[in-house]
1. So is Ile89 among the β-branched types (Val, Ile, Thr) and touching a Lys or Arg at 6+ places or on another chain (Cβ under 8 Å) or not?
2. What number of residues in the range 44-65 are surrounded by 13 or more Cβ atoms within 10 Å (Cβ to Cβ) and aromatic (Phe, Trp, Tyr)?
3. Go through Asp43, Asp48 for me and flag whichever is of a type in the set (D, E, K, R), closer than 26 Å to Arg120 by Cα and over 13 Å from the mean Cα position of the chain (by Cα).
4. When you scan the range 1-19, how many residues do you find that are over 19 Å from Arg29 (Cα atoms) and not hydroxyl-bearing (Ser, Thr, Tyr)?
5. Cβ-Cβ below 9 Å, separation at least six or inter-chain, first residue in the range 104-116 and closer than 16 Å to Met1 by Cβ and in contact (Cβ under 8 Å) with a residue 40 or more places away in the chain, second part of a loop (DSSP other than H, G, I, E, B) and among the hydroxyl-bearing types (Ser, Thr, Tyr): which pairs?
6. Looking for whichever is buried (at least 19 other Cβ atoms within 10 Å of the Cβ) and among the charged types (D, E, K, R) here; the options are Asp101, Asp41. Which one fits?
Amino acid sequence: MLQTIVHYSLHFIVIGAIAYFYDKKNWKRNWLILLSTMLVDLDHVFADPLFDPNRCGIGYHPLHSYYAIGIYLLGAIFIKNSIIRLIFIGLLFHMFTDFIDCLWMFSKCEGCYENSEIFRVLNN
C-alpha cells in the first residue's frame, strides 16, 4: 500500500514541484506537460501479460529500455527548446520513479530481481 502511494505521488504530485521550479510563471502548463509524459506507459500494451505486479518495467518495455533512457538523459541535457527539454526531464523522472518502484519490489521479492532485465544487464 505504501509503495503504491509513494509511486503515484512521485508520478503525479512531485512533478508539480518540478514544474514549479522549472518555470514559476508557467507551472500549471508545465505540470500538464509533465503529466503528458505518463503516456510513455502506453508501451505496456505490448507486454504479455499486460500487467504483472512482480515485473520491473525498466529494461522490459520498449519506451523504458536502456537506450530510451539514454535518449531521455541526452535530451534533458542538450535540448535547447524549453518545452521539449521539459518533456525529456519528465520522461527521465518517470524512469526514476519506476526504478524506485523496482527497487522496492526487489526488496520484497528476490525472485523478481533475478527475473528482471536489470539483473540480466548487471550479471552479463
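We did not get these values from a lab; they are worked out from the coordinates using the rules stated. Note that this is a predicted model, so its numbers are computed, not measured. Cβ: placed from backbone, ideal geometry, glycine included. Neighbour counts: every protein chain shown.
1. On the way: among the β-branched types (Val, Ile, Thr): yes; touching a Lys or Arg at 6+ places or on another chain (Cβ under 8 Å): no.
No; evaluated as a whole, the condition is false for this residue.
2. Count: 1.
3. On the way: Asp43 fails: over 13 Å from the mean Cα position of the chain (by Cα).
One residue alone meets the criteria, Asp48.
4. Number satisfying all stated conditions: 6.
5. Matching pairs, first to second residue: Met105/Ser116.
6. Values: Asp41 fails: buried (at least 19 other Cβ atoms within 10 Å of the Cβ).
Residue meeting the stated conditions: Asp101.
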